[in-house]
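Okay, so here's the structure we're looking at.
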Amino acid sequence: MQRYTIKPRENWQQKVEEVGFEFHTLEETYWDESAYYSFPMREIELIEKATSELWDRCLEAVQYVIDQKLYAQFHIPQWFIPNIEKSWNEDAPAIYGRFDFSFDGSTLKLLEFNADTPTSLFEGSIVQWYWLQDVNPKADQFNSIHEKLVDTWKYLIDYLHPAPLYLSCVRDSLEDFTTTQYMRDCAIQAGLDARFIYMDEIGWDDGRREFVDLEENVMLNIFKLYPYEWLVNEEFGPHLKEVESFWIEPSWKMILSNKAILPILWKLFPDCPYLLPAFFEQNGLTSYVKKPILSREGANIELVRDYYTIEHTGGEYGEEGFIYQQLCELPDFGGNYPVVGSWIIGQEPAGIGIRESNSLITDNKSRFVPHLIL
Amino acid sequence: MKKSKYIQLVILTAAISACTQKEEQGKQVFMRADSTANYSHVHSVGNGMGYFCAFHAYGMYRNGVYHRAGFYSSSISERANIGSNGYKGTISRGGFGSSSFSVSS
């Protein structure tokens, strides 16, 4: 794994905007093609193997959590547990997830699993693929995200209700809107009647006891780029237990998207080479990362090395509790610290996207940097 | 080979383009969906050619019979949609999305 600096394409902003990528520059540069990462095939195969194996371990861990009724450790409300168990037992349709790895070319460790609302999907699938066509079309890239999304939607058609698929996200976030519209694009290509609706436009029909769209059609299949921990705590949350609609991702993903899964994985699979020791207590760790079980964008993270805090971030998370994971410092490429996001789509590893930061904590100022295989 | 061989997007660029159009300057338009409601300011949609707000039929079922109550548009505010029209109360909206910022995870 090597990092190279290169000259960005002429008019790169225009080029990425032509494929629909308008949020390339946020407060600072988000899409950064002044550098790229290069991998030999054997390293890509290691990432692929780890992704596949960790996915299997995660499914076993979900079964364990459900069997042992460990919901309290995940801060999951009691009333929502039947919904989670139903979605698991009935194998409700699921699409995707993204493992975040620390990887230096040889040692690969799981930092966390974004199993419910992973983002950077469009950048990983489309933008970096077009970048490769311009920069080095003969090179390879670990990226079959697009085909796998379309194929997975095709596969799911028989398992969804025979009705339109609604795809939803919040207003006023171009990033979320783009990701959701991209997912809709893939669903349309798979042959689904895929419609967009904002989260706040979803209606609750008190007479029919169903969620309805703006034309009062019952919504039976709903993809939401909106986390369960928000859904269940909002006004319409309790209605989730009443309806037979499929919500994608399914609610059992609430277990995997919670960082409480990390101590469970370590307890079950301490010999797995891709896992870091993780606990619900500090448990003798002298160098560790303290993470809220529910948090986003690297908020409320504390990095401790030999008992001393070396980095920490603020935020509003932590009320639900923390986990402690053995410190695994990201590799340092000249002051750039990459996290490898590895996609699982359907049941298969599908590609990677790299976000790098100027510090050991990957936060909302991280940059997306493309990659290739040589 | 690991990479995609061919990628096609069917709706995305058009959807994003429509979403990021700049609002036409200098005009203010106010609308309401119900005569019992207050007017609210609306934003232009499109390439400066005018205003487009989709108004959907709005109603409810009572004893298995559908009663039309009026119209509703997502382009205008809640208070401009409902006003004091009690029939519009059967279907409520806005119960999701209040944690409204990017999920970014």
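A short reminder: the numbers here are calculations on the coordinates, not readings from a lab. Because the structure is predicted, anything quoted here is derived from the model rather than measured. Quick reminder, even Gly has a Cβ in these numbers, built from the backbone with ideal geometry, and neighbours come from all protein chains shown.
With the simple spin-label model, which puts each label point 7 Å out from Cα in the Cβ direction, the A:E281 to A:D306 separation comes to 2.6 nm.
Ordering A:335-344, A:256-265 by mean Cβ neighbour count within 10 Å, with the highest value first, yields A:256-265, A:335-344. Hydrodynamic analysis of segment A:69-125 uses the Kirkwood radius over alpha carbon pairs. Inserted into Stokes-Einstein at 37 °C and 0.692 mPa s, it gives a translational diffusion coefficient of 232 µm²/s.
Taken as Cα centroids, segment A:165-224 and segment A:101-146 sit 26 Å apart, rounded to the nearest whole angstrom.
Beyond 37 Å, what percent of the Cα pairs of chain A remain? Of the Cα pairs, 18 percent sit more than 37 Å apart.
Under a Gaussian network description of chain A, with springs only between Cα atoms under 10 Å, the residue in A:D185, A:D116, A:D205 that fluctuates furthest is A:D205. Residues of segment A:27-43 falling in the label zone of A:N358, defined by backbone nitrogen less than 19 Å from a point 7 Å along Cα to beta-carbon, are A:27-36. In this calculation the C-beta distance from B:F71 to A:S34 is compared with R0 = 60 Å, giving a FRET efficiency of 0.70. Remark: mean inter-chain Cβ contacts per residue of A:203-209 equal 6, using a 10 Å Cβ-Cβ cutoff to other protein chain atoms.
For segment A:227-325, the list of GluC sites (Glu not before Pro) that fall in a loop by DSSP and count at most 13 other C-beta atoms within 10 angstrom reads A:E235, A:E242, A:E244, A:E281, A:E316, A:E319. Modelled spin-label separation between A:E85 and A:E348, with each label point placed 7 Å from Cα along the Cα-to-Cβ direction: 3.5 nm. Add +1 for every Lys or Arg and -1 for every Asp or Glu among the other residues with Cβ under 13 Å from the Cβ of A:A194, and state the total. Within the 13 Å Cβ shell, the charges total 0. Note on A:125-137: average number of Cβ atoms from other chains within 10 Å of each residue's Cβ is 1.
Its residues counted as N, segment A:86-188 yields a C-alpha radius of gyration over 2.2 N^0.38 Å of 1.25.
Which of B:S92, A:G318, A:F74 sits farthest toward the positive end of the charge dipole of the protein assembly as shown, with +1 on the Cβ of Lys and Arg and -1 on the Cβ of Asp and Glu? So the residue we want is B:S92. Summarising the overall dimensions of segment A:236-336 from its C-alpha atoms, the Rg and Dmax are 16.4, 53 angstrom. Counting every alpha-carbon pair across segment A:20-126, the share separated by more than 21 Å comes to 54%.
Considering only the other residues whose Cβ falls under 13 Å of the Cβ of A:E329, what net charge follows from Lys and Arg at +1 and Asp and Glu at -1? Neighbour charge sum, excluding A:E329 itself: -2.
The length gained on full extension between A:T25 and A:N233, counted as 0.36 nm times the residue separation minus their Cα-Cα distance, comes to 71.7 nm.
Taking 7 Å steps out from each Cα toward its Cβ at A:D56 and A:R171 produces label points 4.8 nm apart. If R0 is 51 Å, the Cβ-Cβ spacing of A:N136 and B:S35 corresponds to a FRET efficiency of close to 0.20.
Neighbouring Cβ atoms from other chains, within 10 Å of the Cβ of residues in A:22-32, number 1 on average. The stretch between A:H75 and A:Y159, if pulled fully straight at 0.36 nm per residue, gains 27.3 nm over its current Cα-Cα span.
The value for segment A:266-315 of Rg(Cα) / (2.2 N^0.38 Å) is 1.24.
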